[in-house]
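Participant: Take this structure first; my questions come after.
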Amino acid sequence: MERKIRVLVAKPGLDGHDRGAKVVASALRDAGMEVVYTGLHQTPEMVVEAAIQEDVDVVGLSILSGAHAVLFPKIVDLLKERGAGDKLVIAGGIIPEDDVEELKKVGIANVFGPGTTTTEITEYVKKEIASRSK
């Protein structure tokens, strides 16, 4: 039997709104993945610790606060420091188009903005994880 894709959905920073993250978490679960949701107000260290403890394949970061340029690179760096730099890290939320390339340069594989369908996200994750396990 094939192992299920394990995904951590995290809300780093001071965001108080997590409806989008919960919708994405549900869609990933409905698509057959195991999903761990961290809840609100996570520090980069908490996100990385959860990713390692839960042995996830994917770290999904959701942000609306505008702190992505500080928090996301820190999370990617901490994952690398802890020997978990091979995890697929994706992001979603309110992230200006101008910041997307910079986030990709630091290791965010893809950024999903407003209007992205849950199908697009689940298909992307499945395709990326399948290509990594070959």
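The values are calculated or read from the model by the stated rules, or taken from the named source; none is laboratory data. Please read all numbers here as calculations on a predicted model, not as lab measurements. All Cβ positions, glycine included, derive from the backbone under ideal geometry; neighbour counts span all protein chains shown.
Participant: Output the number of residues of the range 1-36 satisfying the condition of being under 19 Å from His68 (Cα atoms) and in contact with a Lys or Arg (Cβ under 7 Å, 6 or more places away or on another chain).
Facilitator: Matching residues across the range 1-36 total 2.
Participant: Look at Gly85 and say whether it is in contact with a helix residue (DSSP H, G or I) (Cβ under 6 Å, 6 or more places away or on another chain), small (Gly, Ala, Ser) and surrounded by fewer than 16 Cβ atoms within 10 Å (Cβ to Cβ).
Facilitator: Yes, satisfied.
Participant: Any residue that is surrounded by fewer than 16 Cβ atoms within 10 Å (Cβ to Cβ), polar (S, T, N, Q) and closer than 22 Å to Glu2 by Cβ - is there at least one of those in the range 33-50?
Facilitator: Within the range 33-50, none of the residues are surrounded by fewer than 16 Cβ atoms within 10 Å (Cβ to Cβ), polar (S, T, N, Q) and closer than 22 Å to Glu2 by Cβ.
Participant: Of these, His41, His68, which one is at pLDDT 95 or above and touching a helix residue (DSSP H, G or I) at 6+ places or on another chain (Cβ under 7 Å)?
Facilitator: Going through His41, His68 in turn, the sole match is His68.
Participant: Here's a follow-up. Here is a list: Val56, Val9, Val23, Val36. Which entry is β-branched (Val, Ile, Thr), closer than 22 Å to Thr119 by Cβ and more than 12 Å from the chain's Cα centre (by Cα)?
Facilitator: Val23
Participant: On to the next question. Conditions first: (1) hydrophobic (A, V, I, L, M, F, W, C); (2) surrounded by fewer than 16 Cβ atoms within 10 Å (Cβ to Cβ); (3) outside any loop (DSSP other than H, G, I, E, B). Leu14 passes all but one, so which condition is the exception?
Facilitator: Among (1) hydrophobic (A, V, I, L, M, F, W, C); (2) surrounded by fewer than 16 Cβ atoms within 10 Å (Cβ to Cβ); (3) outside any loop (DSSP other than H, G, I, E, B), the lone unmet condition for Leu14 is (3).
Participant: Here's another thing I want to ask about it. Determine, yes or no, whether Arg3 is among the charged types (D, E, K, R), in a loop (DSSP other than H, G, I, E, B) and over 12 Å from the mean Cα position of the chain (by Cα).
Facilitator: Judged against the criteria, Arg3 is a match.
Participant: How many of the residues making up the range 94-122 are surrounded by 17 or more Cβ atoms within 10 Å (Cβ to Cβ) and modelled with pLDDT under 95?
Facilitator: Counting residues in the range 94-122 that are surrounded by 17 or more Cβ atoms within 10 Å (Cβ to Cβ) and modelled with pLDDT under 95 gives 0.
Participant: As an exercise: evaluate Ile63 against (1) closer than 16 Å to Ile129 by Cβ; (2) of a type outside the set (Ser, Thr, Tyr); (3) touching a Leu at 6+ places or on another chain (Cβ under 9 Å) and give the number of the one condition it does not meet.
Facilitator: Single failed check for Ile63: (1).
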